[in-house]
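Colleague: Can you keep this structure in mind? I'll have questions shortly.
A short reminder: the numbers here are calculations on the coordinates, not readings from a lab. Note that the structure is predicted; figures quoted are calculated from it, not measured. No Cβ is skipped: glycine too gets one built from the backbone with ideal geometry, and neighbour counts run over all protein chains shown.
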Amino acid sequence: MSSISLPAGLPILPRRDQHSHKGTFGRALLIGGSVGMAGSISLSARACLKGGAGLVTVAVPDAILDTVATFDAAYMTWPLPTDRSGHLPFHAKSKISEKLEHADCVAIGPGLGQSRGLFFLVNDLVDRFSGPMVIDADGLNLVAQRAEKTEPFAAPRVLTPHLGEFRRLVGKPQLTMEEATASAIEFADKRKCVLVLKGSQTLVTDGTRQWKNPTGNPGLATGGSGDVLTGLTTAMLAQRLSVYDAAVLAVYLHGLAADLAVQETSQPGLTASDLLDFLESALCQYTQARDANSA
């Protein structure tokens, strides 16, 4: 395996102590999925495992539980109610609360869908959970529907929008990517969050610091790649990185996995499942370079 040079400023994931156990690397809870959208949350959960989280639980509507469970035997599944439209209802809040007490970090959004009940459920969880949280996909769209669009988040939050989702977050449907880049920094500063604006040279900012990612390629423009990033970011949070460092390292490794994948597949043929297959290689190259730099 060829070695790489780590860019300046890339966060360092600590080495693992020989006496570590699964609890050492965090308990991650991922909430999402709906009828017809079981794959998104499953991709996130597998990426969370491959990114190094110690224990991963996936909370999904009970109607898709069996489907989600077959994607990987290494994560746990937690059944939640399913409403008539195949989504989580607001009263799923009580069952989610049972798991929140034991979660070190949470991700919400992949495959979730949208409904009135989900609007209240997601925004309640965003406001109530005191630990770090990744908000993606329909989680972002539901947060964007809040009336108060400028109030700071009360706890550490990572938002991972593509351009369309960011336009909805700021209420500017004609925003160009160049304009969004400048606006993202202001948004992160005002909302006191970390904003990951996905695209060519994905931007990560907390309003003060900015990181433009040097890895990745157009093969990432495929369904499910963002779900993988959500799970990978959650894994970094589970391992106690700060929200900013977790987002930066996850974006870097996500892009590196894509770069490694297209050496054996192709940009047009790259799938989110391919990314999962190459995350381990990306982590291996990263850790080898990290260890070489600190030797």
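Colleague: 5 Å is the cut-off here: which amide hydrogens, built 1.01 Å from N in the peptide plane, fall below it relative to Thr77, excluding neighbours closer than 5 in sequence?
Modeller: Answer set, sorted by chain and number: Val58.
Colleague: I would also like to ask the following. Working out 0.36 nm times the residue gap between Ser94 and Arg168, then minus their Cα-Cα distance, what length gain in nm do you get to one decimal?
Modeller: Working it through step by step, the gained length comes to 23.7 nm.
Colleague: Give the Debye-formula value of log10 I(q)/I(0) at each listed q (0.08, 0.11, 0.16 Å⁻¹), with one equal scatterer per alpha carbon of the chain, two decimals each.
Modeller: -0.30, -0.59, -1.32
Colleague: Taking the Cα centre as origin and putting +1 on Lys and Arg beta-carbons and -1 on Asp and Glu beta-carbons, what dipole magnitude results for region 52-195, to the nearest 20 debye?
Modeller: Working: 15 positive and 18 negative charges, 79 e Å.
My answer is approximately 380 debye.
Colleague: Quick check on packing: order 259-266, 192-199 by the mean number of other C-beta atoms within 10 Å, highest mean leading.
Modeller: Details: 259-266: 16.6, 192-199: 23.2.
Descending packing order for the listed peptides: 192-199, 259-266.
Colleague: Mind ranking 67-77, 132-142 by how tightly packed they are, going by the mean number of other C-beta atoms within 10 angstrom, highest first?
Modeller: Values: 67-77: 16.3, 132-142: 26.2.
Packing proxy ranking, top to bottom: 132-142, 67-77.
Colleague: If you bin every alpha carbon distance in region 1-128 into 5 Å steps from zero, what whole percent lands in each bin?
Modeller: For region 1-128, the binned pair fractions read 2, 10, 20, 20, 17, 12, 8, 6, 4, 2, 0 percent.
Colleague: To continue, here is another question. Go through region 56-71 residue by residue and turn each phi into a ³J(HN,Hα) via Karplus (6.51, -1.76, 1.60, θ = phi - 60°); whole Hz please, and just put x for glycine and proline.
Modeller: Per-residue couplings from phi come out as 10, 10, 10, 9, 9, x, 4, 5, 10, 4, 4, 5, 5, 5, 6, 5 Hz.
Colleague: How big is the charge dipole of the chain about its Cα centre, in debye rounded to the nearest 20, if each Lys and Arg gets +1 on its Cβ and each Asp and Glu gets -1 on its Cβ? Working shown, then result.
Modeller: On the way: 26 positive and 28 negative charges, 110 e Å.
So the dipole magnitude of the chain works out to roughly 520 debye.
Colleague: For the chain, what's the relative contact order in percent, using C-alpha pairs closer than 8 Å and at least 6 residues apart? Numbers along the way, then the final one.
Modeller: Working: 622 pairs, mean separation 59.2, N = 295.
Rounded, it is 20 percent for the chain.
Colleague: Taking 0.36 nm per residue of separation and subtracting the Cα-Cα distance, what length does fully extending Gln263 through Met76 add? Display every interim value, and only then the final one.
Modeller: Details: separation 187, 0.36 × 187 = 67.32 nm, distance 3.31 nm.
Full extension from Gln263 to Met76 adds 64.0 nm.
Colleague: Roughly how far apart, in whole Å, are the Cα centres of region 147-218 and region 84-133?
Modeller: Using only Cα atoms, the two centres lie 22 Å from each other.
Colleague: If you take every DSSP beta bridge fully contained in the chain, what fraction is antiparallel? Give it as a percent rounded to 5. Please list the in-between numbers first.
Modeller: Values: 6 of 28 bridges.
Antiparallel bridges make up about 20 percent of those DSSP assigns within the chain.
Colleague: Further, regarding this structure: Just need the relative contact order of region 111-263 here, percent rounded to a whole number, with Cα pairs under 8 Å and 6+ apart.
Modeller: Details: 242 pairs, mean separation 29.1, N = 153.
Relative contact order, region 111-263: 19 percent.
Colleague: Could you pull out every one of the lysines with an alpha carbon less than 30 Å from that of Lys212, ignoring same-chain neighbours closer than 8 positions?
Modeller: Leaving aside lysines fewer than 8 places away in the same chain, those within reach of Lys212 are Lys50, Lys149, Lys172, Lys190, Lys192, Lys198.
Colleague: If you scale each eigenvalue of the Cα gyration tensor by 5 and take the root, what three semi-axes come out for region 154-295, rounded to whole angstrom and sorted largest first?
Modeller: 25, 19, 12
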